Amino acid sequence: MKACWSNSSSVVDIRLESRPKNGRVWTEIQQKNGVNVPSGCAKWKITSSSSGEFYFQARETVGRRVVAKSKLSLVTFEPVPIATLSSSSLAPETGANVQMTTCWHKSFGIANAKLEVTVGTLHVWKVTNQRIGIPTSGCVSWNILAGPIGLNSYRIILTGHGVTTSISNVINLTTFGPISVATLINSEFGSYNCNGNGTVSNGTNIYPTFCRLYGGSATSPNVTTFSQPTTCRSMTLSVMGTNNSSGNAADTNVDTFEVIQSSLNPQTFTFPANQVQTFTVNLDGSKGAIQTWSGTYDTFERFYLLSSAGSMADCSSLSGV
């Protein structure tokens, strides 16, 4: 809004007032005090939280006395478009189908709805889907494929006449996907606690390994603690216990492998020595621990984690932590 005056002979105040078209009460919304030039203009940027038609008027005052009034100016405020966005899943598997739904109202004129995505924390938004010529109110859904492992953020942009009229809430999808369980374990335990790579044999086959954990007894198990919380919700391990990495058919130990976490019950797996066991463990993202022991304590018993094709973890980061 712009108010101009001329022939002012004293120090005056310029007040901008407004009222609804069908109302009677004027409300002062802006002012410029102590104007002491004979002529000039004042500018104000006006926004409204309500839609509809409003009269605006500028008044020149000295103290409480009104010395001049401007003509009435009728301004129409269009409704402010509002867009919202929702998702059928906030933690999908990478490549899975996810339904994104946007709803809007108070859109005016010919408008478009654009679904944008940014990966990670770069905040470089790219259009993935759009609908041209949407009505003033409504909803539309898109089936999209979940993005890469990690954080994928989505939002809706409403545009009309080449101008952005509304930006929706941001939906953050934490996308999970498979990584090597060796990556997760090494991120947690490091080469020192895992005792390096190597091989193990059951007397018939030789298996590559990525981690070797010590054993203990039922009353005093060996405990290997995670160094930090994980970003994973499950892991599949192939494990073999033996007291001789070259193979020992005479090893009659019954071995136990147990995963401890803060919000889940202990997940315990018991199996004969010299036999490869594959099992899946649910993870809650906490800083957990692995306990290993033999039914009959054997100071030479070790637990070997095998580098098999099925040894994977389902995580929302490439390192698993």
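The values are calculated or read from the model by the stated rules, or taken from the named source; none is laboratory data. Keep in mind that this is a model prediction, so the values were computed, not measured. Using ideal geometry, Cβ is built from the backbone for each residue, glycine included, and neighbour counts are taken over all protein chains shown.
Checking each residue in the range 200-258 for being among the β-branched types (Val, Ile, Thr), under 39 Å from the mean Cα position of the chain (by Cα) and surrounded by 21 or more Cβ atoms within 10 Å (Cβ to Cβ) picks out THR209, THR230, THR231, VAL239.
Annotation for the range 145-168: no member residue is out of contact with any strand residue (DSSP E or B) (no Cβ under 7 Å at 6 or more places or on another chain) and assigned by TED's automatic domain parsing to the domain that holds ILE290. Residue count for the range 278-321 under the criterion of being part of a strand (DSSP E or B), in contact with a Cys (Cβ under 8 Å, 6 or more places away or on another chain) and within 25 Å of LEU173 (Cα to Cα): the result is 3. For the range 104-116, check the following and say yes or no: at least one residue is under 28 Å from PRO229 (Cβ atoms) and outside the structural domain of LEU306 (by TED's automatic domain parsing). Checking the range 104-116: not a single residue is under 28 Å from PRO229 (Cβ atoms) and outside the structural domain of LEU306 (by TED's automatic domain parsing). There is at least one residue in the range 199-213 that is free of Cβ contacts under 8 Å to residues at least 60 places away in the same chain and either among the small types (Gly, Ala, Ser) or outside the structural domain of SER286 (by TED's automatic domain parsing) (or both). A Cβ distance below 8 Å, combined with a sequence gap of six or more or placement on separate chains, defines the contacts here; from the range 80-94, residues that are within 28 Å of PHE176 (Cα to Cα) and touching a residue at least 24 places away in the same chain (Cβ under 8 Å) reach residues that are outside any strand (DSSP E or B) and not aliphatic (A, V, I, L, M) in the pairs ALA83/SER168; THR84/SER168; THR84/ASN169; LEU85/SER168; LEU85/ASN169; ALA91/SER316; THR94/GLY147; THR94/PRO148. All told, PHE176 meets the bar of being modelled with pLDDT of 95 or more and either surrounded by 12 or more Cβ atoms within 10 Å (Cβ to Cβ) or over 30 Å from LEU237 (Cβ atoms) (or both). The single residue among ILE171, ILE134, ILE167, ILE149 that is among the aliphatic types (A, V, I, L, M), crowded, with 19+ Cβ neighbours inside 10 Å and either more than 16 Å from the chain's Cα centre (by Cα) or over 30 Å from CYS232 (Cβ atoms) (or both) turns out to be ILE134. Of the residues making up the range 135-168, those that are closer than 30 Å to SER316 by Cα and assigned to a loop (DSSP other than H, G, I, E, B) are ALA146, GLY147, PRO148, ILE149, SER168.
Restricted to the range 174-189, and to residues there that are part of a strand (DSSP E or B) and farther than 11 Å from SER307 by Cα, the residue that is nearest to the chain's Cα centre (by Cα) is THR174.
One residue stands out in the range 150-173 among those that are among the aliphatic types (A, V, I, L, M) and farther than 14 Å from VAL117 by Cα: the one that is modelled with the lowest pLDDT, namely VAL163.
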